[in-house]
Structures are given as C-alpha cells and as structure tokens.
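Okay, so here's the structure we're looking at.
The values are calculated or read from the model by the stated rules, or taken from the named source; none is laboratory data. Remember, predicted model here, so these are calculated numbers, not experimental data. Every residue, glycine among them, receives a Cβ derived from its backbone with ideal geometry; neighbour counts consider all protein chains shown. For accessibility, only protein heavy atoms count, side chains too; no ligands or nucleic acids. Shrake-Rupley method; radii C 1.70, N 1.55, O 1.52, S 1.80 Å.
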Amino acid sequence: MLTSLNLGDGQNIGTTNGKIALDCSVRTTRQGHICISTTDFFFPLVDSPYLQGRIGAANVLSDLYAEGVGDCDFMLMLLAACRDMTEDDQKICTREMVRGFNDACLEAGTTVTGGQTVLNPWPVIGGVATCICSEGEYVKSDGAKVGDVVVLTKPLGTQVAVNVHEWRVRKTPKWTELTKQKVITEGEAEDMMHAAVCSMARLNRHGGSLMVKHHAHAGTDVTGFGLLGHAQNLMDNQAAEVGMEIHTLPCIANTAKVEQSGVMDFQLLAGFSAETSGGLMICMPEEDAVAYCRELEELDGEPSWIIGRVVADADRKAGISADVKIVEVETKC
C-alpha cells in the first residue's frame with residue numbers, strides 16, 4: 001500500500017535496503033553515534049488503567065530491546081484522554097495510566113521528558129523511546145546465520161487470555177460454550193488472565209541487554225502479527241538467504257486448549273494470534289542460546305525457550321513444523 005510513497009532514504013542500519021526499519025529506526029548521527037528510536041501505543045485490553053499504562057510502556061520499550069540494547073536514554077509519552085468519560089472518571093483514569101507508564105519507565109532506568117496529549121473516544125497511551133549508543137553496543141536485525149537457533153523470551157497466548165477474560169466477565173455465549181464443553185473453569189480463566197497481564201507488564205530489558213553478550217545475530221519482538229508473522233518479517237529482512245523452522249510453541253497454560261475447542265479461531269497454533277508486549281524472538285548460536293536462557297531466567301524469574309532453527313532457504317520462508325510441540329507454561333508471577 002505504501003510502496004509507491006518511497007519512504008526512507010536508504011540510510012537505516014540493519015535493514016535489507018536501508019529504508020523502513022523492522023522494529024526501530026537505527027541511524028548514524030552527524031556526530032557518529034548510533035541513534036535507535038521507536039514508537040508505539042496501546043489501546044485498553046485490561047481492566048486497570050494503571051496496568052494499561054505499564055503495559056503501554058513495556059510495549060514501546062520492547063522494540064528498543066529487540067535491537068540488543070538494555071537502556072533507553074529518554075521517553076516521550078503519547079497520551080489520549082477519553083473525552084466520553086465524566087470529568088472525575090477521566091481524571092482518575094488518565095492519572096493512573098500515566099502513573100503506570102511512568103513506573104515502568106523508572107523500572108527501565110529511563111525518564112519521560114515530554115510528549116503530546118489529545119482527547120479521544122478511547123483512552124490510549126504510548127510513547128517514543130530513544131537510545132543513543134556506539135557501534136558494537138547493539139545487534140543489527142539482518143545477521144541471522146544458517147545453524148542459529150531461535151529463542152523466545154515470553155509465552156504466547158495473550159490475545160486468547162484477554163478475550164476469554166472478557167467473555168467470562170460479560171457472560172457471553174462464547175463463555176457459555178467453553179463451560180458447556182468443560183474446556184476451562186472460572187479459576188483457570190482467572191489464572192490465564194493473570195499470567196497474561198504479568199507477561200505483558202514484564203519488561204524485555206534483561207532480554208535485550210544480554211543479546212550482545214551472547215552473540216545474537218538478529219532479533220525482533222512478537223506483537224500484532226503473531227509469532228509466525230514476525231518470524232516471516234524477520235526472515236524477509238535478512239542479508240543471507242535463510243528461513244526459519246519453528247518446532248516449539250510455548251503457550252500460557254490453557255490457551256492452547258481454548259484454541260483447540262473450536263469456540264473461536266485465534267490462529268494461536270498457526271502462529272498468527274496477535275500478542276501484546278510479547279517476547280523477544282532472537283537468532284543466535286545454539287551454545288550461546290542455552291547460556292542466554294539460563295542467565296535470563298536468573299534475572300527475570302521466568303523461563304525462555306529454544307523454539308526453532310534458522311535454515312538455508314532461498315525463498316526466506318518461516319514455518320511451523322507439522323509435529324510442533326506445545327508447551328504449557330505456568331508463570332511464576
């Protein structure tokens with residue numbers, strides 16, 4: 001749709017043609033530094049405005065961390081207050097969103113230095129994250145090599161969990177069907193939503209900061225296009241003619257069961273279920289990946305998984321194996 005506009009000038013680093021970036025704009029400044037910047041925003045998916053703000057910040061920062069950096073130098077906030085709320089509700093909701101966003105930024109070791117605020121039918125929050133670094137302090141997005149394994153740092157299934165939560169709260173026909181089929185209990189649905197919120201609110205900071213140390217060759221984060229969508233985007237961006245074979249799908253406990261029930265097709269097991277503030281997906285040598293996963297679990301208290309392998313492929317295709325393994329993930333949050 002936008003190809004004819006010829007966006008970009010060919011000077012972005014880590015992209016196949018130097019034009020529009022994969023996750024971040026990575027540029028060399030006039031002074032010779034590397035400037036990494038990204039933007040994103042978040043619509044309400046959770047009941048708490050505080051958590052919406054926190055997840056919004058984690059979502060913005062995740063793109064930055066996918067470039068193999070662990071520090072954000074500053075953050076601009078993009079805020080939309082809901083014009084259709086009462087004045088008191090608007091003040092409370094907006095304040096809590098900003099508080100959650102700011103708390104996540106402080107945890108990330110960064111600060112909000114400015115931004116923009118508008119009125120909107122829905123409360124929305126996001127930002128612009130920027131890191132200034134030097135060559136060798138980040139990971140270019142186009143260096144995946146044949147033989148690399150693929151690491152995922154968060155489980156899949158946030159879209160399923162959020163929707164099931166909404167069905168349960170509203171007592172919709174879909175929730176009735178799930179309970180009729182005995183697919184999931186009320187308690188399991190609550191646990192599933194809690195796990196999803198914990199995952200979405202958790203920063204990918206440690207995952208990004210360890211990428212250079214463990215010789216990562218390329219990375220992205222898993223968000224709106226789903227696991228396979230982002231895997232394909234990553235392979236399309238590589239300098240070498242490579243593809244990806246995915247053999248393992250770590251899923252939040254019971255989300256795969258909901259998918260398999262047939263009540264609604266989220267395409268979770270096909271790799272296209274949208275994720276919010278999902279994990280990093282990183283290509284690196286296998287021996288480094290094992291050490292990376294071990295060190296990251298020590299820091300975050302949650303596991304990561306080797307989910308696939310980079311293979312030679314002139315067509316640059318990413319795919320999920322027919323005998324893919326589903327891993328049920330119980331979060332420790």
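Residues are listed down the side, and each one gets a yes or a no for (1) among the hydroxyl-bearing types (S, T, Y); (2) within 25 Å of S141 (Cα to Cα):
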site: E245; (1), (2): no, yes
site: A256; (1), (2): no, no
site: V263; (1), (2): no, no
site: A274; (1), (2): no, yes
site: S277; (1), (2): yes, yes
site: M284; (1), (2): no, yes
site: A291; (1), (2): no, yes
site: E298; (1), (2): no, no
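Please tell me if V164 is open to solvent by less than 30 Å² (accessible area, probe 1.4 Å) and over 15 Å from the mean Cα position of the chain (by Cα). Taking the combined requirement at face value, the residue satisfies it.
Being of a type in the set (D, E), out of contact with any Phe, Trp or Tyr (no Cβ under 9 Å at 6 or more places or on another chain) and open to solvent by 10 Å² or more (accessible area, probe 1.4 Å) is true for just one of E259, E241. Which residue is that? The match here is E241.
Filtering D23, D63, D89, D73 for residues that are over 19 Å from V112 (Cβ atoms) and either at pLDDT 95 or above or aliphatic (A, V, I, L, M) (or both) leaves a single hit, D89.
Cβ-Cβ distances below 8 Å connect the following pairs, each with a first residue in region 58-75 that is in contact (Cβ under 8 Å) with a residue 12 or more places away in the chain and over 10 Å from S277 (Cβ atoms), a second residue that is β-branched (V, I, T) and in a helix (DSSP H, G or I), and a separation of six or more residues or different chains: M75/V60.
May I ask you to list the residues in region 81-91 that are buried (at least 16 other Cβ atoms within 10 Å of the Cβ) and either part of a helix (DSSP H, G or I) or at positive phi (or both)?
First pass over region 81-91, keeping only residues buried (at least 16 other Cβ atoms within 10 Å of the Cβ): 81-82, 90.
Listed by number, the list holds a single entry, Q90.
Regarding T94, is this residue in contact (Cβ under 8 Å) with a residue 24 or more places away in the chain, of a type in the set (S, T, Y) and assigned to a helix (DSSP H, G or I)? Here the answer is yes, as T94 does meet what is asked.
Given V327, V310, V258, V263, which one is more than 13 Å from V151 (Cβ to Cβ), among the aliphatic types (A, V, I, L, M) and assigned to a strand (DSSP E or B)? That would be V327, the only listed residue that is more than 13 Å from V151 (Cβ to Cβ), among the aliphatic types (A, V, I, L, M) and assigned to a strand (DSSP E or B).
For region 168-179, does any single residue satisfy the condition of being open to solvent by less than 40 Å² (accessible area, probe 1.4 Å) and closer than 30 Å to A104 by Cβ?
The initial filter retains those residues of region 168-179 that are open to solvent by less than 40 Å² (accessible area, probe 1.4 Å), namely 168, 172, 175, 178.
Among the residues that remain, those that are also closer than 30 Å to A104 by Cβ are: 168.
Among the residues of region 168-179, at least one is open to solvent by less than 40 Å² (accessible area, probe 1.4 Å) and closer than 30 Å to A104 by Cβ, which makes the answer yes.
Within region 166-182, can one find any residue that is in a loop (DSSP other than H, G, I, E, B), β-branched (V, I, T) and in contact (Cβ under 8 Å) with a residue 40 or more places away in the chain? No - not one qualifying residue is present in region 166-182.
Only one of L156, L152 is at pLDDT 95 or above, crowded, with 24+ Cβ neighbours inside 10 Å and touching a Cys at 6+ places or on another chain (Cβ under 7 Å). Can you tell me which? Show your work before the answer.
Values: L152 fails: touching a Cys at 6+ places or on another chain (Cβ under 7 Å).
Exactly one of L156, L152 is at pLDDT 95 or above, crowded, with 24+ Cβ neighbours inside 10 Å and touching a Cys at 6+ places or on another chain (Cβ under 7 Å), namely L156.
Taking the conditions (1) closer than 15 Å to D221 by Cβ; (2) touching a Lys or Arg at 6+ places or on another chain (Cβ under 7 Å) in turn, E275 satisfies each one other than (2). Residues in region 6-43 that are more than 24 Å from G126 (Cα to Cα) and in contact (Cβ under 8 Å) with a residue 40 or more places away in the chain: I13, G14, T15, T16, T29, H33. Close contacts from region 107-126, counting a first residue that is assigned to a helix (DSSP H, G or I) and a second that is among the hydrophobic types (A, V, I, L, M, F, W, C) and open to solvent by less than 40 Å² (accessible area, probe 1.4 Å), with Cβ to Cβ under 7 Å and a gap of 6+ residues or different chains, come to E107/L203.
Taken over region 38-80, the criterion of being surrounded by fewer than 20 Cβ atoms within 10 Å (Cβ to Cβ) and touching a strand residue (DSSP E or B) at 6+ places or on another chain (Cβ under 9 Å) is satisfied by T39, F41, F43, P44, D71, D73, F74, L76. With respect to the stated conditions, D288 fails to be assigned to a loop (DSSP other than H, G, I, E, B) and more than 17 Å from the chain's Cα centre (by Cα).
Give the residues of region 314-326 that are within 22 Å of H217 (Cβ to Cβ) and open to solvent by 40 Å² or more (accessible area, probe 1.4 Å), sorted by residue number. Once the filter is applied, which keeps residues that are within 22 Å of H217 (Cβ to Cβ) and open to solvent by 40 Å² or more (accessible area, probe 1.4 Å), region 314-326 yields A314, D315, R316, K317, I320. Determine if region 287-302 includes at least one residue that is in contact (Cβ under 8 Å) with a residue 60 or more places away in the chain, among the charged types (D, E, K, R) and exposed (fewer than 15 other Cβ atoms within 10 Å of the Cβ). No, because not a single residue in region 287-302 is in contact (Cβ under 8 Å) with a residue 60 or more places away in the chain, among the charged types (D, E, K, R) and exposed (fewer than 15 other Cβ atoms within 10 Å of the Cβ).
Could you list all residues from region 205-228 that are open to solvent by less than 40 Å² (accessible area, probe 1.4 Å), closer than 23 Å to V69 by Cα and not in a loop (DSSP other than H, G, I, E, B)? Correct list: G207, G208, A218, G219, T220, D221, G226, L227.
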